[in-house]
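Asker: Sharing a structure, written as structure tokens. Questions coming.
The values are calculated or read from the model by the stated rules, or taken from the named source; none is laboratory data. All figures in this text were calculated on a predicted structure; none of them were measured in a lab. Positions of Cβ are backbone-derived with ideal geometry, glycine not excepted, and every protein chain shown enters the neighbour counts. The area values use the complete protein model at the heavy-atom level, side chains included, leaving out ligands, DNA and RNA. Shrake-Rupley method; radii C 1.70, N 1.55, O 1.52, S 1.80 Å.
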Amino acid sequence: MPIQEQAGIQVIESVDDFAEARVEAIGFIFHGTIPVVKGKGSAASNLLHFARCPRLEKINEEQTKIWFRSVRVAHKHLDETVGAKRWKWCKYCEKEITQRVLDEV
């Protein structure tokens, strides 16, 4: 699995890479479609999950999958490549990240 160490981003290209990311359960995994044309696409199918989220087992193999080391890197990258309003958190993971942010305050 090729790693961009300085950026903390990896494109998951194979089933084995995906399984490895899930087993390690560190970081975040995005799945969905990266729009070729700005303004196209739906946030409903572009989701960000914790790597350990059980809902990742149900995702389509044809979708783009990207692993991120941190949530800050994920937000920045997805806002730039997918669009700020074109992706969202998995509804189960969103509860956990909200609690994590509240705990840090």
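Asker: On the basis of being modelled with pLDDT under 90, part of a loop (DSSP other than H, G, I, E, B), within 20 Å of E20 (Cβ to Cβ) and open to solvent by 80 Å² or more (accessible area, probe 1.4 Å), does E57 make the cut? Give the derivation first.
Answerer: On the way: modelled with pLDDT under 90: yes; part of a loop (DSSP other than H, G, I, E, B): no; within 20 Å of E20 (Cβ to Cβ): yes; open to solvent by 80 Å² or more (accessible area, probe 1.4 Å): yes.
It is false that E57 is modelled with pLDDT under 90, part of a loop (DSSP other than H, G, I, E, B), within 20 Å of E20 (Cβ to Cβ) and open to solvent by 80 Å² or more (accessible area, probe 1.4 Å).
Asker: Does I66 satisfy being among the hydrophobic types (A, V, I, L, M, F, W, C), modelled with pLDDT under 85 and not in a helix (DSSP H, G or I)?
Answerer: No.
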